[in-house]
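For reference, the structure is listed below as structure tokens.
The values are calculated or read from the model by the stated rules, or taken from the named source; none is laboratory data. Please read these numbers as outputs of a predicted model, since none were measured by experiment. A quick note on method: Cβ atoms are made from the backbone with ideal geometry, for glycine too, and the neighbour counts reach across all protein chains shown.
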Amino acid sequence: MQQTTSTPAELLDKIAFYAKMVDEALSGELQNYLNSDFYEPLKYALEGGKRIRPIILLLSNKVAGGCEADALKEAVAVELLHTESIIHDDIIDDETVRRGKPVFYLIYGFNTSLLTADFVFGIILSIVARSKKNIAEDLASAALQMCEGEIMEMKIEAENSEVPLDKYLLIVRKKTASLFEAAAKIGAKLASAQGEVVEALARYGLNIGIAYQIQDDILDWNNGSKIARRVKVSEGDARKILAEIASRYANEAKTNLRDLPDCEAKQILYEIADFAVNRLS
């Protein structure tokens, strides 16, 4: 299969179908809580976003021989875990804007923010209980690593010192890439894939997640509080070096797909690797 590339805008058009599927599934899940005090806060928290993580789950499922419609509730669980982490991260990082609007805690306050994040975990547990496959271990591993990555970053920011490159990459791996890895792995498992297929897609998710977060940090370079600005390099411009590292991880993600069956979903995963490092937002 000859691989092609798309501009970031073209890629977003290609995955719009999957993003719509995820949005509709999220809306359907929220209907279970229509009479809850958390319904409106949840709607606000879930507005916007590229849905890259659940889309990777759906595409991985399709590459592994599954039907994406059968993996939607698990894709919702992945997006909810991402949403929960955003609510917490924006408080920790003193952010004021997310997805072009005020961050959650500025609208609903700290108490409702904490309770909503807890409620989201409850929804995730409900989805896990309804899943036909055992996805609990993968989601739990991602959640634990995300927390570990966040507290590692907090400690470094408190020290206000240079960050060794390997430690920065470990934080990126835990804080962000762990959920990308879980998404791809869960997608493969839901298709009843085995062994090398699951491992290849999991590695793809991990590598794409690292590339994606490094690009996020590069795009947010002017925010002086970000640890990427403190990464210690032996020589040269740190920003340029990180961009090169992100490209290497994106290319490795493409390599992870090499032996998987050729199909449209595989092509889109390939293009997401380019999108991860070429996007401007």
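Looking at segment 34-41, can you tell me whether even one residue there is under 19 Å from residue 124 (Cβ atoms), in contact with a helix residue (DSSP H, G or I) (Cβ under 9 Å, 6 or more places away or on another chain) and not in a loop (DSSP other than H, G, I, E, B)?
Within segment 34-41 (the criterion being under 19 Å from residue 124 (Cβ atoms), in contact with a helix residue (DSSP H, G or I) (Cβ under 9 Å, 6 or more places away or on another chain) and not in a loop (DSSP other than H, G, I, E, B)), the answer is yes, since at least one residue qualifies.
Of the residues in segment 185-240, how many are hydrophobic (A, V, I, L, M, F, W, C), more than 20 Å from residue 55 (Cα to Cα) and without any contact (Cβ under 8 Å) to a residue 40 or more places away in the chain?
3
If a residue has to be in a loop (DSSP other than H, G, I, E, B) and farther than 23 Å from residue 75 by Cβ to count, how many in segment 187-227 make the cut?
Initially, segment 187-227 is screened for residues in a loop (DSSP other than H, G, I, E, B), giving 191-194, 220-226.
Those still in the list that are farther than 23 Å from residue 75 by Cβ too: 220-226.
Qualifying residue count for the region: 7.
If you go through segment 75-83 one residue at a time, do you hit one that is charged (D, E, K, R), buried (at least 22 other Cβ atoms within 10 Å of the Cβ) and touching a Leu at 6+ places or on another chain (Cβ under 7 Å)?
Within segment 75-83, the first condition is being charged (D, E, K, R), and the residues that meet it are 79.
After this cut, where a residue has to be buried (at least 22 other Cβ atoms within 10 Å of the Cβ) as well, the list is 79.
Now narrow it down to the ones that are touching a Leu at 6+ places or on another chain (Cβ under 7 Å): 79.
Checked against the condition, which is being charged (D, E, K, R), buried (at least 22 other Cβ atoms within 10 Å of the Cβ) and touching a Leu at 6+ places or on another chain (Cβ under 7 Å), segment 75-83 yields at least one hit.
Residues being surrounded by 22 or more Cβ atoms within 10 Å (Cβ to Cβ) and charged (D, E, K, R): count how many of those fall in segment 186-197.
1
Only residues that are assigned to a helix (DSSP H, G or I) and either of a type in the set (A, V, I, L, M) or more than 18 Å from the chain's Cα centre (by Cα) (or both): list them for segment 135-145, please. Don't jump to the end; show me each part of the working.
Of all residues in segment 135-145, those assigned to a helix (DSSP H, G or I) come to 136-145.
Passing the criteria: 136, 139, 140, 142, 143, 144.
Please state which of the following conditions residue 101 fails to meet, knowing it meets all the rest: (1) in contact with a Phe, Trp or Tyr (Cβ under 9 Å, 6 or more places away or on another chain); (2) at positive phi.
(2)
Select, from 86, 156, the only residue that is under 23 Å from residue 223 (Cα atoms), within 18 Å of the chain's Cα centre (by Cα) and of a type in the set (A, V, I, L, M).
Numbers: 156 fails: within 18 Å of the chain's Cα centre (by Cα).
One residue alone meets the criteria, 86.
Please indicate, with yes or no, whether at least one residue in segment 250-258 is assigned to a loop (DSSP other than H, G, I, E, B), over 24 Å from residue 99 (Cβ atoms), modelled with pLDDT of 90 or more and not polar (S, T, N, Q). Please lay out each step first, then the result.
So the first thing to find is which residues in segment 250-258 are assigned to a loop (DSSP other than H, G, I, E, B), and the list is 257-258.
Subsequent filtering for residues that are over 24 Å from residue 99 (Cβ atoms) retains 257-258.
Subset that is modelled with pLDDT of 90 or more: 257-258.
Cutting the leftovers down to not polar (S, T, N, Q) gives us 257-258.
Within segment 250-258, one or more residues are assigned to a loop (DSSP other than H, G, I, E, B), over 24 Å from residue 99 (Cβ atoms), modelled with pLDDT of 90 or more and not polar (S, T, N, Q).
Go through segment 198-225 and give me each residue that's among the hydroxyl-bearing types (Ser, Thr, Tyr) and either more than 13 Å from the chain's Cα centre (by Cα) or surrounded by fewer than 22 Cβ atoms within 10 Å (Cβ to Cβ) (or both).
Answer for segment 198-225, where residues must be among the hydroxyl-bearing types (Ser, Thr, Tyr) and either more than 13 Å from the chain's Cα centre (by Cα) or surrounded by fewer than 22 Cβ atoms within 10 Å (Cβ to Cβ) (or both): just 225.
So, of the residues in segment 265-281 that are more than 16 Å from the chain's Cα centre (by Cα) and more than 16 Å from residue 184 (Cα to Cα), which turns out to be surrounded by the fewest Cβ atoms within 10 Å (Cβ to Cβ)?
That would be 280.
Taking segment 5-33 as the search range and keeping residues that are within 15 Å of residue 265 (Cα to Cα) and not in a helix (DSSP H, G or I), which one is modelled with the highest pLDDT?
Selected residue: 15.
Residue check, residue 100 against (1) more than 30 Å from residue 60 (Cα to Cα); (2) modelled with pLDDT under 95, all met but one. Which one?
In the conditions (1) more than 30 Å from residue 60 (Cα to Cα); (2) modelled with pLDDT under 95, residue 100 misses (1) alone.
Can you tell me how many residues in segment 243-281 are in contact (Cβ under 8 Å) with a residue 60 or more places away in the chain, among the acidic types (Asp, Glu) and out of contact with any Lys or Arg (no Cβ under 9 Å at 6 or more places or on another chain)?
Adding up the residues that qualify gives 2.
Select from segment 45-73 the residues that are basic (Lys, Arg), under 11 Å from the mean Cα position of the chain (by Cα) and at pLDDT 95 or above and list them in ascending order.
The answer is 51, 53.
Hey, which of the helices (runs of 4 or more DSSP H) in segment 44-134, taking only ones fully inside, have at least 1 residues that are touching a strand residue (DSSP E or B) at 6+ places or on another chain (Cβ under 9 Å)? Walk me through it before giving the result.
Values: elements: 52-63, 72-92, 104-130.
So the answer is 72-92, 104-130.
So the check is Cβ under 7 Å with 6+ separation or different chains; which pairs have a first residue in segment 120-146 that's without any contact (Cβ under 8 Å) to a residue 60 or more places away in the chain and β-branched (Val, Ile, Thr) and a second one that's part of a helix (DSSP H, G or I) and surrounded by fewer than 19 Cβ atoms within 10 Å (Cβ to Cβ)?
What qualifies is 128/136.
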